[in-house]
């Protein structure tokens, strides 16, 4: 959004729930995976040193690091699930089903934890920015100007009322979470770490609806893996208010479903191994090898 557009900004949006029905049904198909506490190995966080390096490379630039939006970027080992252990633990304890709705204090606390875990603690951690903010690059469609700093207290008060108010209460949890993500990223209330905080806020919404923190991984991993597409889509939607958010919500749900499929496959593999211990042996070790030339097996007698 251009700076002059913020005078007319509000939280209005258009959303075609009918077109999202197939995506939402897919979530129901894998809901057991969404509620399961087991995490596949490739969802474990990167080692602390690697997480610190990723944080050092991205914090302070006003945007996530650019990444190639191609098949190579989908390599599990290349997807940086940046360290948010403290924040996720806090979300798990704070946002249980039936807990109080998201507040501004919660958002500030999450941002403070994100900043701390990325080595960026200081006066801007857990505090609304007091300076202008611009993010973006030509590769994703240009520059987005965050809300004017003087309006942030007012807009953030409206934001928390929006997330858990009106029709959002009756929306599917993942849609509500993605709307919370979208509008926090739109306002861009912090000097940095807006994207990471928005994804954690989305996870908090999911957690409050009974989902475990697979939501954090699902949304983070998918957006990191398709970062150019993700930011390009945001910039296109930001061009006009009311915001046509259906493509962004569909994109997020697709990522959520793909990640839940990977959890579902992992759980089934574990169950199969419990039922048949032979399956615990790696496939390459289970291959039938031809008999040696000196074999005395009567079925395969050795040649003289």
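Brief remarks follow.
- Boolean, residue 240 is more than 27 Å from residue 118 (Cα to Cα) and part of a helix (DSSP H, G or I): no
A quick yes/no check of all residues on (1) over 22 Å from residue 115 (Cβ atoms); (2) buried (at least 22 other Cβ atoms within 10 Å of the Cβ); (3) touching a residue at least 12 places away in the same chain (Cβ under 8 Å); (4) more than 10 Å from the chain's Cα centre (by Cα):
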site	(1), (2), (3), (4)
180	no, yes, yes, yes
184	no, yes, yes, yes
187	no, yes, yes, yes
194	no, yes, yes, yes
203	no, yes, yes, no
244	yes, no, yes, yes
251	yes, no, yes, yes
258	yes, no, yes, yes
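- Residue check for residue 200: under 22 Å from residue 109 (Cα atoms) and either assigned to a loop (DSSP other than H, G, I, E, B) or at pLDDT 95 or above (or both): no
- Members of region 133-154 found to be closer than 22 Å to residue 115 by Cβ and without any contact (Cβ under 8 Å) to a residue 60 or more places away in the chain, listed by number: 146, 149, 152, 153
- Qualifying residue in region 50-58 (condition: surrounded by 13 or more Cβ atoms within 10 Å (Cβ to Cβ), on the phi < 0 side of the Ramachandran plot and either in contact with a helix residue (DSSP H, G or I) (Cβ under 6 Å, 6 or more places away or on another chain) or modelled with pLDDT of 65 or more (or both)): no
- Every condition in (1) within 21 Å of residue 252 (Cα to Cα); (2) part of a helix (DSSP H, G or I) holds for residue 144 except the one numbered (2).
- Considered as a group, the residues in region 1-31 that are assigned to a helix (DSSP H, G or I), within 29 Å of residue 114 (Cα to Cα) and modelled with pLDDT of 65 or more include one that is farthest from the chain's Cα centre (by Cα), and that residue is 6.
- Top-ranked residue in region 149-178 [being out of contact with any helix residue (DSSP H, G or I) (no Cβ under 7 Å at 6 or more places or on another chain) and not in a helix (DSSP H, G or I); ranked as surrounded by the most Cβ atoms within 10 Å (Cβ to Cβ)]: 171
- Unique residue being in contact with a helix residue (DSSP H, G or I) (Cβ under 8 Å, 6 or more places away or on another chain) and at pLDDT 95 or above when the list is 184, 213, 219, 206: 184
- Residues in region 102-132 that are without any contact (Cβ under 8 Å) to a residue 24 or more places away in the chain, surrounded by 13 or more Cβ atoms within 10 Å (Cβ to Cβ) and not in a loop (DSSP other than H, G, I, E, B): 108, 109, 112.
- From 195, 146, 141, residue being touching a helix residue (DSSP H, G or I) at 6+ places or on another chain (Cβ under 9 Å), modelled with pLDDT under 95 and over 25 Å from residue 99 (Cα atoms): 141
The values are calculated or read from the model by the stated rules, or taken from the named source; none is laboratory data. Quick caveat: nothing in here was measured; it's all calculated off a predicted structure. Glycine gets a Cβ as well: all are built from the backbone with ideal geometry, and neighbour counts include every protein chain shown.
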